[in-house]
1. Treating the Cα atoms of region 88-247 as identical point scatterers in vacuum, please give the log10 of the normalised Debye intensity I(q)/I(0) at q = 0.11, 0.14 Å⁻¹, two decimals.
2. What ranking do MET106, MET93, MET294 get, fewest neighbouring Cβ atoms within 10 angstrom at the top?
3. For the chain, what does -39500 (n - 2.57) per DSSP helix run (n ≥ 4), summed and divided by total residues, give at 222 nm, in deg cm²/dmol to the nearest 500?
4. Please give the helix 30-43 orientation as an angle from the longest Cα principal axis of the chain, in degrees from 0 to 90, rounded to the nearest 10.
5. Using alpha-carbon positions, what is the distance between the centroids of region 120-152 and region 7-21, in Å?
6. Taking only Cα atoms, what is the 0 to 90° angle, nearest 10, from helix 294-314's long axis to the longest principal axis of the chain?
7. Quick check on the exposure proxy: order ARG263, ARG237 from fewest to most C-beta atoms within 10 angstrom.
8. Name the shape class, rounded, prolate or oblate, that the alpha-carbon gyration tensor gives for region 223-296, where a ≥ b ≥ c are the square roots of its eigenvalues, rounded holds for a/c under 1.5, and otherwise prolate holds if a/b is larger than b/c and oblate otherwise.
Amino acid sequence: MITIKDVAKRAQVSPGTISNVLTGKRRVSELTRSRVLSAVEELGYHPNILARSLINRRSETIAVVATGLEYFGPSQTVVGIEQESHDLGYFLMLSLLYQPDSPVEMALSALLGRRVDGIIWAVPEVSDNRKWITPERLEHLPPMVFLSMAPRPGLTVVAADNRGGATQAVRHLADTGRRTIGVITGPLHWWEARERCDAWVETMRQIGLPTDDSLQVEGNWSAASGEQGLRRLLTLRPDIDAVFACNDQMALGALRAAHAAGRRVPEDLAVVGYDNIPEAAYFQPPLTTVYQGMIEVGRAAVRKLHTMIEAEHDGYAVAGPLNTLLSPELMIRESSR
């Protein structure tokens, strides 16, 4: 049987260099990489992943626990996690929870049994579904990165800046001369929905515009709830001249309701969404929306977790901030011009 030592001898490098080339965990020169890959091909070497994990006490596997993949943001995040995991040489294990508030014990036990090197918790923060996180529980788990949640001492969190994105949306509407700006929120037991709604309130008050209850309706991320939401806003406030829908699906429903009510967009009513789904540029009219870069959120989470895994393996502390907020970008199109 061909071993890693045989490959190292043929390539005239150390066994550690062979591992670095095959896993991508350390950079090597192109010349060295070429020699190693040639030796692998010539000898027909196939690494025994199980044996290597037992020797190194590493499985080269990270797990992502996720839910809500029917929504654009969570699904894009998992895409980014997969891409960066591949680039860094990790195998990816996906564990799906049925609902954001589903029990976590079985998922955690399964991941511990498979000896994953680290975990990305990509379940959105909804209601009290973070109550399981305690120092005692985390002590027995591998390194973890949490996504889409409020910062918490002792946890490593990566998220898009929901407040910053919503602030850009509302200020843009005000800058175009709109003065009665309504909001269709996501379900307010979601942390991300509350962040966007709170930013609407704060920004409107800073500008000196009204934020009374007649300008706020709660949706559930669906296009149908966006349509119903705008209908209610038009009933409560016939003078409304703009609406910030807290995701693009609800903005799509709002556009339908505006058309049915005879409100021209953007002449009579400006509409801004959130997410920048691929179809947003093809709405009628094309939708102004906030691009939050969820693929990069996923990739950033894997890079952060990789740093933590390496630190634990080598016995040193991780430096730098525990919380990472990625800045979103407002994509201005015809729906608000």
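1. Evaluating at q = 0.11, 0.14 Å⁻¹ gives log10 I(q)/I(0) of -0.57, -0.78.
2. On the way: MET106 11, MET93 17, MET294 25.
Least to most surrounded, the residues fall as MET106, MET93, MET294.
3. Values: 12 runs with 148 residues, N = 337.
Estimated from H runs of four or more residues: -13500 deg cm²/dmol.
4. Tilt relative to the chain: about 60 degrees.
5. 39
6. 30
7. Fewest to most other Cβ atoms nearby, the residues stand as ARG237, ARG263.
8. Numbers: a/c = 2.11, a/b = 1.83, b/c = 1.15.
It comes out prolate by the Cα gyration axes.
Just so you know, all these numbers are worked out from the coordinates, no wet-lab data involved. What you see is a predicted model, and the numbers here were worked out from it, not measured in a lab. Don't worry about glycine lacking a Cβ; one is built from the backbone with ideal geometry, like all the others, and counts go over all protein chains shown.
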